[in-house]
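One structure, as structure tokens, below. Some questions next.
Every number here is computed from the coordinates shown, using simple stated rules; none is lab data. If you're wondering where the values come from, they're calculated on a predicted model, not measured in any experiment. Here Cβ is always computed from backbone atoms with ideal geometry, including for glycine, and neighbour counts include all displayed protein chains.
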Amino acid sequence: MNQRTRFISYEGTAKGNVSRHRGTALLLSLFVICFVTVMLLNILDTETLQLTAHRNAVDYERALYLAGAAVHHATTQLEMTPTWRGAVSDGSFPADDSYQATTVDGVGNTVVITGIGVAGNMTRRLQATVVQSN
């Protein structure tokens, strides 16, 4: 009888521990799932921000190259016709990946060429002064 009492007592104690810790695994797993979700959202936000910054940097440089192409285009027109003054463009300016250049008389024998390049949301302006020989 003494053994049986001890067995019932042991069983009762074990059952009491189980009921006290019931739900701990559920709460722990919910905490882990919430933590992993927050970490994934943070990583996704960071990657999206980096991608946007990269795209802006690429557009910024591309707009500069397009403005340079505009100046080069106008310079070519001036080489063919030294008295030419006007505007040249490529694409439907100011649409994406387009440029425009204007030429005006400067001081003395100079011509001021202003090129504008557009890429994405970026617009860059480049100005060159050309000295023409007589």
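Looking at (1) under 19 Å from the mean Cα position of the chain (by Cα); (2) touching a residue at least 40 places away in the same chain (Cβ under 8 Å); (3) surrounded by 13 or more Cβ atoms within 10 Å (Cβ to Cβ), which is the one condition that is false for Asn121?
Exception for Asn121: condition (3).
Which pairs turn up if I take residues in segment 72-90 that are within 14 Å of Asp105 (Cβ to Cβ) and look for partners that are assigned to a loop (DSSP other than H, G, I, E, B) with beta carbon separation below 8 Å, at least 6 apart in sequence or on another chain?
From residues that are within 14 Å of Asp105 (Cβ to Cβ), the pairs are Leu78/Trp84; Leu78/Gln132; Pro82/Gln132.
Among (1) in contact (Cβ under 8 Å) with a residue 60 or more places away in the chain; (2) surrounded by 15 or more Cβ atoms within 10 Å (Cβ to Cβ), where does Gln100 come up short?
Unmet condition: (1).
Which of the residues that make up segment 41-78 are aliphatic (A, V, I, L, M) and within 14 Å of the chain's Cα centre (by Cα)?
Once the filter is applied, which keeps residues that are aliphatic (A, V, I, L, M) and within 14 Å of the chain's Cα centre (by Cα), segment 41-78 yields Leu44, Leu49, Leu51, Ala53, Ala57, Val58.
Let me ask you something else. Somewhere in segment 93-111, is a residue of a type in the set (D, E, K, R) and either in a helix (DSSP H, G or I) or under 20 Å from Leu64 (Cβ atoms) (or both)?
Yes, some residue in segment 93-111 is of a type in the set (D, E, K, R) and either in a helix (DSSP H, G or I) or under 20 Å from Leu64 (Cβ atoms) (or both).
Test Val88 against the stated conditions and say whether it is in contact with a His (Cβ under 6 Å, 6 or more places away or on another chain) and not in a loop (DSSP other than H, G, I, E, B).
yes
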